[in-house]
1. Provide 53, 228, 65 in ascending order of the number of other Cβ atoms located within 10 Å of each residue's Cβ, fewest first.
2. With Rg and the Kirkwood Rh both taken from Cα atoms, where does Rg over Rh land for segment 194-251?
3. Going by a ≥ b ≥ c, the root eigenvalues of the Cα gyration tensor, does segment 160-260 fall in the rounded group (a/c under 1.5), the prolate group (a/b larger than b/c) or the oblate group?
4. Evaluate E = 1/(1 + (r/R0)^6) for residue 32 and residue 236, where r is the Cβ-Cβ distance and R0 equals 25 Å; express this FRET efficiency to the nearest 0.05.
């Protein structure tokens, strides 16, 4: 069944939560609180959630605020462009996010651990808003900026790595990396000097990098914003990144282009 057909007959949602136990618990509670709801995708990182929302155009997205790579705030920002009809519910363990901004009705939030009583109230609000208007991109963007300003960094980001270049082991400052690209179970590290291999999967690397400096632009690529010379968008909505100190270009898949709207 196509996403368009499914949306027309039953409400749909995408869930994004990086902890499997919490993700499964939310799925179970949702099936009890909203039996008609179809969970079309259940994601464990922000990049997968961006792609799933763009593909399925769900009625609702439940987004963990803190996830590897893209945060729930960034996923919501991208969704405002790729799926503007999607209602957003942020899920967080940190009550500093539960501020008055939520009262404007643009989004809702759930505090972890999610309780059935609180979820029931959220479901009622979502159902009541389903037939009404959805917040425009500017309203949601303003709310996301307000929430983002309250964020406290989880930990000190990775500052250097050791990677293999042939028989040599290189010590590389993370700020000197132009981009990372998935290479099976490992990660290729590209700097101005050349290519190295990091024995860490890109999925694990996502949670270690400074999110203010590094952005996921494709399922398999993370780029250093300081290494970007320019970004061009084609007629299909996909993008191409030109780098300052590397000759190759990087593809930006269409759902991720929303992250660069102000660049």
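1. 228, 65, 53
2. Computed over Cα atoms, the ratio is 0.98.
3. Verdict is prolate for segment 160-260.
4. Efficiency, rounded to the nearest 0.05: 0.05.
None of the figures in this text is laboratory data; all of them are computed from the coordinates on show. What you are looking at is a predicted structure, and each value in this text was computed from that prediction instead of being measured. Every residue, glycine among them, receives a Cβ derived from its backbone with ideal geometry; neighbour counts consider all protein chains shown.
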